[in-house]
Amino acid sequence: MNLNMTMNYSIDNVADNLIIWADNVKAMVIVGHEPCPVCYSYIHGTDKSLPNNACKTCKKKLHSLCIKEWFKNLIQNGQKTSCPMCRSEWKIHK
C-alpha cells in the first residue's frame, strides 16, 4: 500500500511539473507572439518554428511552411500570391 501511494504521488507530481514546464515555455517563447493565421498555432507542428514571415501591409506573422503552402494553393488556382489576412499582394522573392 505504501508503494502504491508513492507511485500515485510520483505520477501526480510529474503531471504538475509538466504543467509548470509548459507555462514556463509559454512565458519565455510565446509571450508577445500571435498564432499563425493559417494554422492557428504558435509553434509549427513540423519544424517547431514561431511565425516569422510578416506581411508588409498588415504586419501579421506567419510560419514559413504555412505561407509556402498558402502561396502554392493560390498559384495552383491561378491567383496572385497574397496575404491570407489582408489580401494585399505578397511578392515572392526567388
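The values are calculated or read from the model by the stated rules, or taken from the named source; none is laboratory data. Just so it is clear, the model here is predicted, and its values are computed rather than measured. Neighbour counts are summed over all protein chains in view; Cβ atoms, including those assigned to glycine, are modelled from backbone coordinates with ideal geometry.
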TODO: Report, ordered by the first and then the second residue, all pairs with beta carbons closer than 6 Å, sequence separation of six or more or different chains, a first member in region 76-92 that is under 18 Å from His63 (Cα atoms), and a second member that is aromatic (Phe, Trp, Tyr).
DONE: Thr81/Phe71; Thr81/Trp90; Ser82/Trp90; Cys83/Trp90; Pro84/Trp70
TODO: May I ask you to list the residues in region 22-61 that are in a helix (DSSP H, G or I) and modelled with pLDDT of 75 or more?
DONE: Ala22
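For region 64-94, which positions are assigned to a loop (DSSP other than H, G, I, E, B) and either touching a helix residue (DSSP H, G or I) at 6+ places or on another chain (Cβ under 9 Å) or of a type in the set (A, V, I, L, M, F, W, C) (or both)?
Of all residues in region 64-94, those assigned to a loop (DSSP other than H, G, I, E, B) come to 77-81, 83-88, 90-94.
Matches in region 64-94: Gln79, Lys80, Thr81, Cys83, Pro84, Met85, Cys86, Trp90, Ile92.
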Task: Subset of region 66-80 (residues that are out of contact with any Leu (no Cβ under 8 Å at 6 or more places or on another chain) and surrounded by fewer than 16 Cβ atoms within 10 Å (Cβ to Cβ)) - done: Lys68, Glu69, Lys72, Asn73, Leu74, Ile75, Gln76, Asn77, Gly78, Gln79
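In region 28-65, what residues are aliphatic (A, V, I, L, M) and surrounded by 14 or more Cβ atoms within 10 Å (Cβ to Cβ)? Give the steps one after another, and end with the answer.
Taking region 28-65 and keeping what is aliphatic (A, V, I, L, M), we get 28-31, 38, 43, 50, 54, 62, 65.
Hits for region 28-65 are Val38, Ile43, Leu50, Leu62, Leu65.
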